[in-house]
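Here's the structure, in structure tokens; my notes come after.
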Amino acid sequence: MSLDLFAEQDLQQPARVERISDQAFVLRGFALPRIKELLAALDTVLLQSPLRQMQTPGGFTMSARLSSCGDWGWTTDRDGYRYSPVDPLNARPWPAMPGVFLALAEAAASAAGFENFVPDACLINSYAPGAKMSLHQDKNERSFIAPIVSVSLGLPAVFQFGGFERSDPSQRISLFHGDIVVWGGVDRLRFHGVMPIKPGHHSLLGQQRINITLRQAD
Ligand code: MD3
Ligand code: FE
């Protein structure tokens, strides 16, 4: 009973906003009020386009498993990185972007000062313990005017927030279930990555971290 009340209270806390750079923000707990809807929608998406490991052009296998939804999905194979309107696994269009993804992305972007964000692509990354994402820039999108919104779910992660050259020093920032990161404008092309996920168990997602990133690809 007291545990339930405590959880209920948590959902009603306003999100805490942490500014990590000029136009980059962590909105702590921002996704929590709609987390049940979000996870249900995610399940529906992943039934249609399952998570899969992908190859990089250099011949490595990514440690995170990926999928997408929306008009455009991101894929990589030996031929290169690109956005595609079709899931290469089943030769069908990617699943539709759920309304709750759009609503959360618009609200989070707006809370960070980016009005009228309408993403047309959503990448879904699933990390088992030990999986990571090396430092990279997100630059496959046609334009860098729109921000990117990312939602962290399940096990915590330490992300690296770097500079504009791979060798620039990076800040390390912990991200927890329900946190949203928004970055755009002058910070849009910063290098970033995810340190290897530590083993653990999350009550809703088990031994995994899922990150969804909402973008305007086209
Ligand atoms: C923005 N995903 O899918 S998102 C990706 O947690 C990707 O799965 C990561 O990078 C993930 O392309 C990170 C959150 C994030 C972290 C660091 C950043 C966004 C950032 C640094 C600079 C700008
Ligand atoms: Fe990225």
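Given the C-alpha centroids of segment 90-107 and segment 199-218, what is the distance between them in whole angstrom?
Result: 15 Å between the Cα centres.
Placing +1 at every Lys and Arg Cβ and -1 at every Asp and Glu Cβ, with all other atoms neutral, what dipole size does the chain have around its Cα centre, in debye to the nearest 20?
About 580 debye.
At 4 °C and a viscosity of 1.567 mPa s, what translational diffusion coefficient does Stokes-Einstein give for segment 82-175, taking Rh as the Kirkwood radius over Cα pairs? Give it in µm²/s as a whole number.
Translational D for this selection: 82 µm²/s.
Can you give the extra length, in nm with one decimal, that the chain gains between L51 and A103 once fully stretched, where that is 0.36 nm per residue apart less the Cα-Cα distance?
16.4 nm
Relative contact order for the chain: what percent, with Cα pairs under 8 Å and sequence separation of 6 or more?
Rounded, it is 24 percent for the chain.
Compute the longest continuous run of the chain that contains no exposed trypsin sites (Lys or Arg not before Pro); treat a site as exposed when its DSSP state is not H, G, I, E or B and it has at most 13 other Cβ atoms within 10 Å.
Result for the longest clean stretch: 1-77.
Mind checking which lysines have their C-alpha under 18 Å from K198, skipping anything on the same chain fewer than 8 residues away?
K132
Expressed in nm to one decimal, what extension gain is obtained for the pair Q171 and F144 from 0.36 nm per residue of sequence separation less their Cα-Cα distance?
Extra length available between Q171 and F144 comes to 7.5 nm.
Got a sec? How would V17, V149 order by Cβ neighbour count within 10 Å, fewest to most?
V17, V149
Using only the C-alpha atoms of segment 10-135, find the volume of their convex hull and express it per residue in Å³.
So the per-residue hull volume is 137 Å³.
If I model the chain as equal point scatterers sitting on the Cα atoms and use the Debye formula, what is log10 I(q)/I(0) at q = 0.08, 0.11, 0.16 Å⁻¹?
One equal scatterer on each Cα of the chain leads to -0.26, -0.50, -1.14.
Karplus couplings for segment 154-171 from phi (6.51 cos²θ - 1.76 cosθ + 1.60, θ = phi - 60°), rounded to Hz, Gly and Pro as x?
Rounded to whole hertz, the list is x, 4, x, 9, 10, 9, 9, 10, x, x, 9, 10, 3, 7, 5, x, 10, 7.
Amide H to amide H under 5 Å from M54: which residues, 5+ apart in sequence or cross-chain, H placed 1.01 Å off N in plane?
Those qualifying (amide H under 5 Å, at least 5 residues apart or on another chain) are M62, L66.
Rule-based calculations on the coordinates, nothing more; no lab input. None of the values given here were measured: they were computed from a predicted structure. In this analysis, Cβ positions are derived from the backbone assuming ideal geometry, glycine residues included, and neighbour counts consider all displayed protein chains.
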